Amino acid sequence: MTALNHAIQLRKLALNGEELIDRQFHKTELEEKIYITAKMQEKQNISIEMKRTTSNFPIQLPKNSNQIPNINITEGKGLLLQAKINNILTDEIFYTPATSGYLINPGHQSNITIPPGAMVTPMTTSPNDDASRFSMVKKNKNTSDLLNILKILNEKIVDIELLFAANSPILNARLEDDSIIPIALLGNGLQTILSITMVIITTPNGVVLLDEFESAIHYSKLADIWKSIAYIAKKYNTQIFAATHSLENIKYCANAMNEINFEDFQFIRLQLKKDSHIVVQYNANELNDAFFSKMEIR
């Protein structure tokens, strides 16, 4: 899997290059470098540095460029990410803004394979992207996994169908009474979970980033949603990173992981200590103990 193919898997944002970078990083002043560092038990110091750059990036397209429709490189700055081990450069990647999202182009590369990745945020909902992913789910006969999680939110759904209106793709739910209703009319929660599930299914052996999806989900459904996400992620060997500020969401997730004895779960908290941040990790049992002791874990 090449770095460019990795980029194609990312959720697409129809924004110009400068606005794309500003929205993704909340207008952080990226003329200043952003550092992430870690010390490993093997006496290795790992650092990741990100900064804006005006360099001209080498755009590497596969031989069959028809796989990448509507590529339109925008003018303006890009991002440069460098990874180092013991201060020795191991990987360097240019993030080039395009009207369809980011293109990720390798500079210096080690022999590390970049897994396919995708990101789901409230800003990245795209009817065209959802339609494309649904087609992949349908083609690979994985719709049963999709329906099982949707039924948590609406048990009357019996099937999902892709129809077109005014030349635009629209995903629809077929209900028990044989009526067909656009997914968008069944609530933001259902639409969000549909997008998340399709992204996980279509990113096997990869990484999916979820950003505060719970705001559209009724609290009574969160535990079952987390159980289903864990099941699907394990089935398709997809690693999930979910960011949240919701204490309620964290509690339901921890309870769900305990109920199904899901061992591949870690809660990671970034804690400010003096002038730096430290990483605090909990498994599901430790997280529930922290709740019982009324510790602040956010």
Practice task
Report the label-to-label distance for A216 and L270 in nanometres (one decimal), using points 7 Å from each Cα along the Cα→Cβ vector.
Solution key: 2.5
Exercise for the section: Report ³J(HN,Hα) in whole Hz for each residue of the range 228-244, in order, from the Karplus equation J = 6.51 cos²θ - 1.76 cosθ + 1.60 where θ = phi - 60°; Gly and Pro get x. Expected result: 5, 4, 4, 4, 5, 4, 5, 4, 9, 6, 10, 8, 10, 10, 10, 9, 7
Problem - Probe 1.4 Å, all protein chains present, accessible-area order of M119, M136, largest first - result: M136, M119
Handout entry: Restraint check, K251/K273; K156/K251; K151/K251; K151/K294, Cα-Cα greater than 26 Å
Key = K156/K251; K151/K294
Problem - For the range 170-195 and the range 136-164, distance of Cα centres in Å - result: 9
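Once R0 is set to 25 Å, what does the formula 1/(1 + (r/R0)^6) return for the Cβ-Cβ distance between N205 and S47, expressed as a FRET efficiency to the nearest 0.05? Spell out each step's value before the answer.
Values: r = 27 Å, r/R0 = 1.07.
About 0.40, to the nearest 0.05.
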Fill in the blank from the handout: So the compactness index of the range 174-234, its C-alpha Rg divided by 2.2 N^0.38 Å, takes the value 1.23
Completion exercise
Highest mean packing first, using Cβ neighbours within 10 angstrom, the peptides 204-215, 286-297 sort as 204-215, 286-297
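Grab the Cα-Cα distance for L175 and K235, subtract it from 0.36 nm times how many residues apart they are, and report the gain in nm with one decimal. All intermediate terms of the calculation are to be shown ahead of the outcome.
Values: separation 60, 0.36 × 60 = 21.60 nm, distance 2.68 nm.
So the chain would gain 18.9 nm between L175 and K235.
In what order, largest first, do Y219, Y252 sit by accessible area if the probe radius is 1.4 Å?
Y219, Y252
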Fill in the blank from the handout: The FRET efficiency for N188 and N87, from their Cβ-Cβ distance with R0 = 51 Å and rounded to 0.05, is 0.65
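Ordering I181, I160 by accessible area with a probe of 1.4 Å, largest first, what comes out? Don't jump to the answer; show the numbers that get you there.
Numbers: I181 50, I160 5 Å².
Reading off the accessible areas and sorting them downward yields I181, I160.
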Practice task
Rounded to whole Hz and in sequence order, give me ³J(HN,Hα) for the range 174-188 from the Karplus expression 6.51 cos²θ - 1.76 cosθ + 1.60, θ = phi - 60°, writing x for Gly and Pro.
Solution key: 9, 9, 4, 7, 6, 7, 10, 10, x, 4, 4, 8, 9, x, 5
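The values are calculated or read from the model by the stated rules, or taken from the named source; none is laboratory data. Because the structure is predicted, anything quoted here is derived from the model rather than measured. Backbone-built Cβ (ideal geometry, glycine too); neighbour counts: all protein chains shown. Note: areas computed on protein heavy atoms with side chains; ligands, DNA, RNA excluded. Shrake-Rupley method; radii C 1.70, N 1.55, O 1.52, S 1.80 Å.
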